[in-house]
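Each remark here refers to the structure printed beneath this line.
The values are calculated or read from the model by the stated rules, or taken from the named source; none is laboratory data. Only a predicted model underlies this, so the values are computations on that prediction, with no experimental measurement involved. All Cβ positions, even for glycine, are placed from backbone atoms using ideal geometry, and neighbour counts span all protein chains on display. To get the accessible areas, we keep the full protein, side chains included, count just its heavy atoms, and leave off ligands, DNA and RNA. Shrake-Rupley method; radii C 1.70, N 1.55, O 1.52, S 1.80 Å.
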Amino acid sequence: MNTNKPISLWIRNGRIKTMAGREFIGSIWIEAGKIKALGEKIEVPADINVIEADGKWVLPGFIDAHTHVGIGEEIYQTEGDDLNEMTDPLTPELRAIDGINPEDEGFRDARLGGVTTVFSTPGSGNVIGGTGVVLKTVGNIVDRMIIREPAGLKVAFGENPKTVYGEQKKMPMTRMGTAGLLRQALVDAQVYLEKLEDGKKDPEKKPERDLGLENIARVLKREIPLRAHAHRADDIMTAIRIAREFKVDLVIEHCTEGHKIAEELVEYGYPAAVGPAMVNRAKVELKEKSFKTPGILARAGVKVAIITDHSVTPIERLPLCAALAVKDGMDPEDALKAITINPAEILGVADRVGSLEVGKDADMVIWSDHPLTLQAQPEIVIINGQIVKPEG
């Protein structure tokens, strides 16, 4: 059964794992793109379209909390490369939404692989790269795919900004320079907010509008978090130091050496989007990369999302990345949480996606087997109540 419009659906006799604490053999009723009801026995209309799940696993659509889908295309590596505006180390005014091509093959790969929601973000070439967006993986107009925008301000520590601007003989050439530029930008935004307040009392004191400072101000007001690219333990701690200094929310991106400082991450309470580990050690910061890291962090009490950093690792391999983390010691339940409810909460969209609950978006996948097994195939993928796999 294929459709490109939300219809009434009854998924029957599935092994439903809600990721909200329930697992049962039963049914899900989908109506107008939302979950209308679910349970072992539910009442549905007589003329409803039926999908017979036959005891197969039914889970929420998977979520990748850090990708470059649409903004860094695989095939068009020049024409489709809109990851970094590497002409200035501080570009907070940039928005990923303006660079995303919904026809990027990455979106198709994602949804056919059971990944229904992604966070797409600018790259890590700049100290501040711009804002990222959470969106569904189906659609031909980006504005209609969005769940949350902006959803975080990308900042980067470590080798990337050093390399880009060091070669240009510009600041930052050191880790100190990266931290200094970020701090100054946050201070500038604090001053901007103060001037806006003064302008309410005296219009002549109102500053000229600054799109970059507006985005940083959103961070200071805790409307969105800093999304901090940091591999090495010392870079992670610098990100934490600055976040605590300015009392802002923070997500650690990559967190490659997070296992070395797991206790500190628990103490400060920041979540981690961990990965990609299914890559070679292409740079010195990946020396400690391991599929053991997400399990170590989850056991310590860190909220963990497992990520592909697509196109670094192909996005359809997100379930495989979770499975490899299990192979290296992660609890299977924690691994499933790391690609469903945890990223939904980290991205601030858990009211809509990440678990199967009444009222949430009808994003779900019927798997041929447990999704963390090698042979598992996403047989039917539903997004917003639309059947997107098999394709019509």
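Key figures for this structure:
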item	result
Filtered residues of the stretch 150-164 (kept if of a type in the set (D, E, K, R) and more than 18 Å from ILE240 (Cα to Cα))	LYS162
Residue list for the stretch 60-93, filter: at pLDDT 95 or above, closer than 30 Å to ILE366 by Cα and of a type outside the set (A, V, I, L, M, F, W, C)	PRO60, GLY61, ASP64, HIS66, THR67, HIS68, GLY70
Residue pairs meeting the criteria (Cβ under 6 Å; at least 6 apart or on separate chains; first over 17 Å from VAL133 (Cβ atoms), in the stretch 212-231; second aromatic (Phe, Trp, Tyr) and surrounded by 21 or more Cβ atoms within 10 Å (Cβ to Cβ))	ALA230/PHE157
Flag if LEU320 is surrounded by fewer than 21 Cβ atoms within 10 Å (Cβ to Cβ), more than 18 Å from THR256 (Cβ to Cβ), free of Cβ contacts under 8 Å to residues at least 60 places away in the same chain and under 18 Å from the mean Cα position of the chain (by Cα)	yes
Number of the exception - GLU285 against (1) farther than 23 Å from GLY21 by Cβ; (2) without any contact (Cβ under 8 Å) to a residue 24 or more places away in the chain	(2)
Candidates GLU194, GLU263, GLU267, GLU208 - the one that is within 23 Å of LEU297 (Cα to Cα), open to solvent by 20 Å² or more (accessible area, probe 1.4 Å) and without any contact (Cβ under 8 Å) to a residue 12 or more places away in the chain	GLU267
Strands (runs of 3 or more DSSP E) fully within the stretch 1-80 counting 2 or more residues that are open to solvent by 70 Å² or more (accessible area, probe 1.4 Å)	9-17, 23-31, 34-39
Only one of VAL155, VAL164, VAL142 that is closer than 22 Å to TYR270 by Cα, buried (at least 18 other Cβ atoms within 10 Å of the Cβ), in contact (Cβ under 8 Å) with a residue 24 or more places away in the chain and aliphatic (A, V, I, L, M)	VAL155
Inter-residue pairs, beta-carbon under 8 Å, first in a loop (DSSP other than H, G, I, E, B) and in the stretch 89-100, second open to solvent by 10 Å² or more (accessible area, probe 1.4 Å) and among the basic types (Lys, Arg), 6+ apart	PRO89/LYS170
ALA272 under 23 Å from ARG241 (Cβ atoms) and crowded, with 19+ Cβ neighbours inside 10 Å	yes
So ASP351, is it among the acidic types (Asp, Glu) and in contact with a Phe, Trp or Tyr (Cβ under 8 Å, 6 or more places away or on another chain)	no
From the options ALA96, ALA110, residue that is modelled with pLDDT of 95 or more, closer than 28 Å to GLY180 by Cα and crowded, with 18+ Cβ neighbours inside 10 Å	ALA96
Selection count, the stretch 338-369, where residues are open to solvent by 30 Å² or more (accessible area, probe 1.4 Å) and touching a strand residue (DSSP E or B) at 6+ places or on another chain (Cβ under 8 Å)	7
Condition met for VAL251 (closer than 27 Å to LYS287 by Cα and outside any helix (DSSP H, G or I))	yes
Selected residue [closer than 13 Å to LEU94 by Cα, at pLDDT 95 or above and more than 16 Å from the chain's Cα centre (by Cα)] from ILE141, ILE128	ILE128
